[in-house]
1. For a quick protection proxy, order the peptides 127-135, 148-156 by their average other-Cβ count within 10 Å, most packed first.
2. Remind me, what semi-axes does segment 165-227 give for its equivalent ellipsoid, largest first in whole Å, using sqrt of 5 times each Cα gyration tensor eigenvalue?
3. What are the ³J(HN,Hα) couplings of segment 178-190, residue after residue, when phi is run through the Karplus curve with 6.51, -1.76, 1.60 and θ = phi - 60°? Round to Hz, x for glycine and proline.
4. For K32, which lysines qualify as cross-link partners when the Cα separation must be under 28 Å and same-chain residues fewer than eight apart are set aside?
5. In deg cm²/dmol, rounded to 500, what helix-only [θ] at 222 nm does the chain give when every DSSP H run of at least 4 residues adds -39500 (n - 2.57) and the total is split over its residues?
6. Just to check I understand the Karplus step: with θ = phi - 60° and J = 6.51 cos²θ - 1.76 cosθ + 1.60, what whole-Hz values come out for segment 16-24, glycine and proline as x?
7. Can you compute log10 of I(q)/I(0) for segment 27-91 with the Debye formula, treating each Cα as one identical point scatterer, at q = 0.12, 0.30 Å⁻¹?
8. Report, by chain and number, residues whose modeled amide H sits under 5 Å from the one on V250, excluding near sequence neighbours (fewer than 5 apart, same chain).
Amino acid sequence: MKVDILASGSKGNCIALTSQDQTILIDAGIAKTKIEKRLLDVGVRPDHITGIFITHAHGDHIKGLPLANKYRIPVYATEGEWKGISGVDGELRRTAETRYGKYETIKLGDTWIYPFRTHHDAYEPVGYAIEDDSRERACVLFDTGKYDQEMLDMMEGSIYVLIEANHDPDMVEVSDYPISTQSRILSDLGHMSNQQTAEALQKLIQGRGERIYLTHLSSKNNMPALAEMTVKAALKQRGFIAGTHYHLEVVSE
């Protein structure tokens, strides 16, 4: 599996995952033309995208959805999130179905996509675990105010872990954001802090050479070096050393 982060942060989010002869996108949160250019930059033709999977319908995750109409790409989102998405041709719309309270697995070619519930102030937000026929697994967890065991269970076994490390709580509390915005960020329906992300990774990482990508960093309330230090310190408590037991990349805007 090949992972290309085309955009990450408050200005837009878009991940390309390539497995053998097909590529899917997780979110399309930057302009269509930028997605096209960045796909070509990493050697992927836009007309070879087989599906776009939306985590939630905030602008920084759906801005580039006109790409779907241009290249006739199916778009997958939960029933709730379709309430916030417009402009996608009807025949391209796919809904992530639930059964017995769990989302149904979606299969595209040699790739299985597993949606799972997250915690954010959106209609019905999800993260995704993705697995190819070689059983190589990736997971994408963007905006969420907290993690829980069900989310960790879905992410378990991932070699590629793309996870939000949005903010440092102390920086949020002294920021120039209104109190209401600070409260939203810090709430269980907001965004995960460096510390929360580090705790989740402590439980998730097994020291098998996992590749961790810290994503969706706030440009005002975080620093890449701080996010990196927090995660490395937490994983060191498990006896894991970066570059030996896992690989870490901080993706900033």
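1. In decreasing order of mean packing, 127-135, 148-156 become 127-135, 148-156.
2. 25, 12, 8
3. With the stated coefficients, segment 178-190 comes to x, 4, 4, 5, 4, 5, 5, 4, 7, 7, 5, 10, x Hz.
4. Result set, ordered by chain and number: K2, K11, K63, K70, K83, K107, K220.
5. Values: 8 runs with 65 residues, N = 253.
So the calculated ellipticity at 222 nm is -7000 deg cm²/dmol.
6. 10, 10, 10, 10, 6, 9, 9, 10, 10
7. Taking Cα atoms of segment 27-91 as identical point scatterers yields -0.26, -1.48.
8. Those qualifying (amide H under 5 Å, at least 5 residues apart or on another chain) are L214.
The values are calculated or read from the model by the stated rules, or taken from the named source; none is laboratory data. Note that the structure is a prediction, hence the values are computed from the model and not measured. With ideal geometry, Cβ positions are generated from the backbone for all residues, glycine too; neighbour counts draw on all protein chains shown. Surface areas here come from the heavy atoms of the whole protein model, side chains and all, with no ligands, DNA or RNA. Shrake-Rupley method; radii C 1.70, N 1.55, O 1.52, S 1.80 Å.
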